[in-house]
Structure formats: C-alpha cells, structure tokens
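The values are calculated or read from the model by the stated rules, or taken from the named source; none is laboratory data. Note that the structure is a prediction, hence the values are computed from the model and not measured. Counting neighbours? That spans all protein chains shown, and the Cβs are built from the backbone with ideal geometry, glycine included. Protein only, heavy atoms only, side chains kept; ligands, DNA and RNA dropped before computing areas. Shrake-Rupley method; radii C 1.70, N 1.55, O 1.52, S 1.80 Å.
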Amino acid sequence: MPNPNNPALHSWIDIAPTSDFPIQNLPFGIFETPERGPRVGVAIGEYVLDLYAVSQFGFFEDLDIPSQPKVFRRRSLNQFIALGRPVWRAVRQRVSELLRHDNGELRDHEEAMRTCLVRQREVQMLRPVKPHNYTDFYSSIEHATNVGIMFRDPANALLPNWRHIPIGYHGRASSIVVSGTDVRRPNGQRKAPDAAAPTFGPSQQLDFELEVAFVCGKSTELGHSIPLQHAEEHIFGLVLFNDWSARDIQSWEYVPLGPFLGKSFGSSVSPWVVTLDALEPFRVAGPVQEPEPLLYLRQPDAHNFDLNLAVTIQPAGGPETTVCRSNFRYMYWSMAQQLTHQASNGCNLQVGDLYASGTISGHTPDSFGSMLELAWKGSKPLPLADGSERKFLLDGDTVTMRGFAEKDGVRIGFGEVRGTVLPANPL
C-alpha cells in the first residue's frame, strides 16, 4: 500500500509549491456552507474535500467505518476521532489514493468531483473539535526562564520543580474559539506595583501566546494511566493555538492557585487538525533533559517535531509586521511526556480534549512567543511597520499565527489562527 507521506506523491489537483495543504498533508476539519451544513472535510490545495459527499458516492465502501456517511455530517470531529486510529489512517490512506495523480476514480466522475470538492474561500470553517477539557502546559524552558527573570530572581529563574515535571493547569474549554473569531478585551481586577489597592477595568496588558496544541484521540477510564511509549497512540493531531492572556489581571490573581480570569476570556485554535501521521517525517529529538526525568517520563525516542512558527501583528488599517519566528522543536517537555504526566494520577482523558504546549520561545529575542517577552515587560517597545510601537496589544490589532514543517520538497502546513482585538465591554 503506497505511503501517503511519500515526497514523490502528487495530486491531479493543481497545488502551489507554497501551499500548506499538499497531498502529503490531508488535515481534517469541520466546514459548512449555506447549502451543505456542518460536515467533515479534508484540506487539499485551495479546496476542501467533503467527506460526507465522498462517502455518499461510495468511495469509502471498502473501509470499515461505522455509521458512515452520518459520522461525516457532524459539528465536530469528535465522533470521527472516537472511531479509532485504524479508521483515521484508513480514511487518510483512501483520500490520498483518490487524489493521487494516477487515480481517476474521483477525477473522472464529473458529478462526484463537482460535489465533493469545494473551494476553501467558499466555506466557513468551524471549531474542529468540541473539547470537554483543556490543559495548558508551561513547557518551553526559554519562556519559563524569561518569565522567571522578569518576575522572580534572575539567578534562580526556574522554580525547583520545573525540570522534574511538565507544569500545567486546567483551563477553560468553553471559551476556545476558531480562527477568525474576534476576541474582546477582558475587564478584571488589576493592581499596579505602587498602588495601595486594586482597581477594576479593561486589561491594559493584553498579550498573545504562541502555542501548539494536540487533540486527544483516545479516551481512558478514570484511574487508568498511560505508559510513555503508548502516549502518542492517544494523540489524533495538532493545531495552532493562541492562548490570549491579560498579564495585569493574571499577575494580580495567580498567587496562590494559578491562572484564572486572565486566561479564560478566550483562546483561539486553527481550523485544520494536522495528523500526527502526516508529521512523522519531521520528528526530531528534543533538548537534553537535565537532570534525567523520573522513570515514567523518560523517553528514549525522538518525540519533538520540527515545526516553523511565526506571529504577525496588524494594526487596524495598517500593514502586517512579523514579530516572532520560533519552532516547536524547542519544547523541553514533549507531548508524549505531557500526556503521560496528565494521566499519571489516573485522570481520565476524553476524545477531543485539547492540550496546549504553553508559550513557545527560542533562544533569541526574535523567537520569543509573547509580547511580555518581546517587549520585555513593556520596557522595550516593539516597533511595527506602520511606525507605531507596542508594549502590549491595542484594540483593533489583528494577531495571526502560522506554522509549517518542510523537508524533501514537501511543506506540511497548519494554515493560520487569527483574531482581532475588540474593545472591552462598557462597565
């Protein structure tokens, strides 16, 4: 059976070399049009392949897919993901066959091709999964060190536990929105360092956080754990993630229990889920972990991925400025370690749950994944292309995150996650 990751594969659909969605990618998402309603699609070049229509035309007849075609006519990928890894792989394999340049099954069936393919510009993308739970980790050593230098002792920037466990907290799943959804500046309590008492009002330190999140693909029962060598069997795929943060609200509230209202007003997720299988060629070793983790977190194999990431800020009516270029390979704690630790106490996992990486920062100032770091707590304003500066985000700013992996002439991309800051609601 042909390998769907083969760099030599090409499609009968004309796909630009710079496209995020070649035949080697085939990410899954949920789209709708006024005529079709919500359904599962696969991105290919500038098109969406409608899997409900593909199933209706009988192209999945030889696959053991329970409840088809109805499983492809849903508002989230949860039901499809719950069918299990063999089904995801079989569907991706079959879609790859149907789109391959030397296969005329779909290409030469005029009615089917016209029905199954929709231009991306004509669809509305929805949030890809319905997460019951959301965990946000804190797994970039560069980011954690920068924050420690700014807010604690520069000589002891990392807290004693940081190199021993993947730090994380349980976030707000209900406020995760799909790319393109505006984000309203939150109101909240904040206290200036020299103020005698806190005040309530719109956040003055609104920030983005460049993150990658993975989607849980396999549920577990309460009381069960996951050995690290099996952790990736529970990962369906990856998305880009913007964990919007109100730094002034967060800094006042986070002691002693951690982030709360400074985070829960909104997080943005990209619409296409790139499968772990599609990213296999881009697997790399992570940073050396010192001291060596406890036995349950030791990973002899490479569990990091070489994903190029970038963030832009575009003021209202102004040009876009790239403010950050980073890479997912920098993560100190891998996704496998994060998930193993999450389940190590018997916490049950649910299909569709989201696990965000935490801010992804690199070694150089231009690779820092938040305004907090880029403008160094407001002390080094960041210049934009229109001549303005930013310490933190202003109303009307649009933040866009993009990501892709590239090797052997193949580019596997995520599209983008984008959001525009709206003014706070009146008090």
For Ser203, Ser379, what's the largest-to-smallest order of accessible area, 1.4 Å probe?
-> Ser379, Ser203
Got a sec? Which residues in region 172-208 would a label at Leu394 touch, if it sits 7 Å along Cα→Cβ and we count backbone N under 17 Å?
-> 185, 203-208
Just add up the charged neighbours of Gln204: K/R +1, D/E -1, any other residue whose Cβ is under 10 Å from the Cβ of Gln204.
-> +3
Probe 1.4 Å, heavy atoms of protein chains only: per residue, the accessible area of the chain in Å² is 43
Based on the mean of other Cβ atoms within 10 Å per residue, sort peptides 94-104, 391-401 so the most packed one is first.
-> 391-401, 94-104
Ignoring ligands and nucleic acids, what accessible area does Arg402 show with a 1.4 Å probe (Å², nearest 10)?
-> 90
How large are Rg and Dmax for region 289-328 when only the alpha carbon atoms are used, in Å?
-> 18.0, 53
Near the amide H of Val177, under 5 Å away, which other amide H atoms are found, from residues 5 or more places off or on another chain, if H is placed in the peptide plane?
-> Ser267, Ser268, Val269
Across the chain, how many lysine pairs, 8 or more apart or on two chains, come within less than 28 Å at their alpha-carbon atoms?
-> 14
Which of Gln204, Phe59, Leu83 sits farthest toward the positive end of the charge dipole of the chain, with +1 on the Cβ of Lys and Arg and -1 on the Cβ of Asp and Glu?
-> Gln204
Calculated [θ] (222 nm, deg cm²/dmol) that DSSP helices of n ≥ 4 give over the chain, each run adding -39,500 (n - 2.57) | -4000 deg cm²/dmol
Contour minus Cα-Cα span, Thr322 to Glu221, at 0.36 nm per residue, comes to 32.0 nm
Within region 263-310: Cβ-based charge dipole about Cα centre, in debye rounded to nearest 20 (Lys, Arg +1; Asp, Glu -1) = 240
From Cα coordinates alone, what are the radius of gyration and Dmax values for region 137-229 in angstrom?
-> 18.0, 52
Placing +1 on each Lys and Arg Cβ and -1 on each Asp and Glu Cβ in the chain, then taking the dipole about the Cα centre, the residue among Asn133, Gly217, Val323 whose Cα reaches farthest towards the positive end is Asn133
Arrange the peptides 311-323, 111-123, 41-53 so that the one whose residues have, on average, the most other Cβ atoms within 10 Å appears first.
-> 41-53, 311-323, 111-123
Packing rank of 23-29, 10-16, where each peptide gets the mean count of other beta carbons within 10 Å, highest leading | 23-29, 10-16
If you place +1 on the Cβ of every Lys and Arg, -1 on the Cβ of every Asp and Glu, and leave all else neutral, what size is the dipole of region 97-243 about its Cα centre, to the nearest 20 Debye?
-> 660
Roll a 1.4 angstrom probe over the protein heavy atoms and tell me the percent of accessible area of the chain that is carbon or sulfur.
-> 51
The size of the Cβ-based charge dipole (Lys, Arg +1; Asp, Glu -1) of region 69-167 about the Cα centre, to the nearest 20 debye, is 420
Simple spin-label estimate for Glu97 and Gln229 in nanometres, 7 Å along Cα-Cβ = 3.2
Here the Cα Rg-to-2.2 N^0.38 Å ratio for region 194-283 is 1.49
Springs between alpha-carbon atoms under 10 Å, Gaussian network over the chain: tell me which of Pro193, Pro383, Pro166 tops the mean-square fluctuations.
-> Pro193
